[in-house]
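Everything below concerns the one structure shown next.
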Amino acid sequence: MVSIRLLVMLWGLQCISCNADSDSLWTSKLPEQDLQSFIDSLIQQQKKLCTNEKNSVKALKNQVENVTNLLFYPPLIYNNKKYVISKVPYQSSEEAMTYCTAFGGYLAEVNDQNEYRALQNFVLNTPEVDVVLVAGSDAKQEGIWLYQRTGKPLSFLDWGPGQPDNLGDEDCLNMWKKFGGKMNDLPCGFRSSQDRFLCELPK
Ligand SMILES: *[C@@H]1O[C@H](CO)[C@@H](O)[C@H](O)[C@H]1NC(C)=O
Ligand SMILES: [Ca+2]
Ligand SMILES: [Ca+2]
Ligand SMILES: [Ca+2]
């Protein structure tokens, strides 16, 4: 009997995360009913709590998906990651990074040739976008390009013609449709309401 009660208590513990009402489990003394019906009522309560929780998680996921669709063009799924290009401009590279972080990811980091090819095609095949900000900055030391998130040197770079030119001080990195999706340095602050940013998110 002791082991069954222990089991019930462990079960009850799972409920705490579901609903604050589960406090009542602890404040009530063992009911006068027999243990079996007590367990039955606990199981019913547990089922109800977890159904409610599942439904609210579903609704929340649906809301996040709705917001994602408002803010981003249809995603690219590549190598177990999800990449999205914003439908909105950014005021600064920091703001773009904040958006990507809020969705559980980071400003897209081009790590190798394969990821680059996939992202180039993605940019070229997304209508209405031209300049797409990705991770990379040489703000700390001119000509030394680092990922903002990790502070490590970029493991892949492929400049468009005449780039990087640091024209009027350009310390951030983008992929530019005009260059066939090749890279260009551009200002880290606001440049044009046509500019977009690219997030790399968990799938
Ligand atoms: C998500 O969007 C759809 C279609 O616009 C809408 O019917 C649904 O209620 C929205 N869901 C939530 C949780 O906002
Ligand atoms: Ca990457
Ligand atoms: Ca620069
Ligand atoms: Ca440039």
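Annotations
- Couplings 3J(HN,Hα) for segment 128-144, derived from phi with the Karplus relation 6.51 cos²θ - 1.76 cosθ + 1.60 (θ = phi - 60°), are 6, 10, 10, 9, 10, 5, 10, 6, x, 8, 10, 5, 5, 9, 3, x, 9 Hz, where x marks Gly and Pro.
- Those residues of segment 146-165 whose amide nitrogen sits under 16 Å from the label point placed on residue 178, 7 Å along Cα→Cβ: 159-165
- Computed over neighbours whose Cβ is under 15 Å from that of residue 184, the net charge equals -4, Lys and Arg +1, Asp and Glu -1.
- Computed magnitude of the charge dipole of segment 74-203 (debye, nearest 20; Cβ of K, R +1, Cβ of D, E -1): 560 debye
- Amide H within-cut-off set for residue 78, under 5 Å, with H built and near neighbours excluded: 83
- For segment 45-136: relative contact order, % (alpha-carbon pairs under 8 angstrom, 6 or more apart): 19 percent
- The mean sequence distance of close C-alpha pairs (under 8 Å, at least 6 residues apart), as a share of the length of segment 91-147, puts its relative contact order at 27 percent.
- Given 152/178; 58/177; 87/203, the pairs whose alpha carbons are separated by over 30 Å: 58/177
- Annotation: amide H-H contacts under 5 Å for residue 134 (H modelled 1.01 Å from N, sequence separation of 5 or more, or interchain): 173, 174, 175.
- Separation in nanometres of the label points that stand 7 Å from Cα toward Cβ, at residue 101 and residue 144: 2.3 nm
Values quoted throughout were computed directly from the atomic coordinates according to the rules given, and no laboratory measurement underlies them. Predicted, not measured: the structure shown is a model, and the values here were computed from it. Cβ: placed from backbone, ideal geometry, glycine included. Neighbour counts: every protein chain shown.
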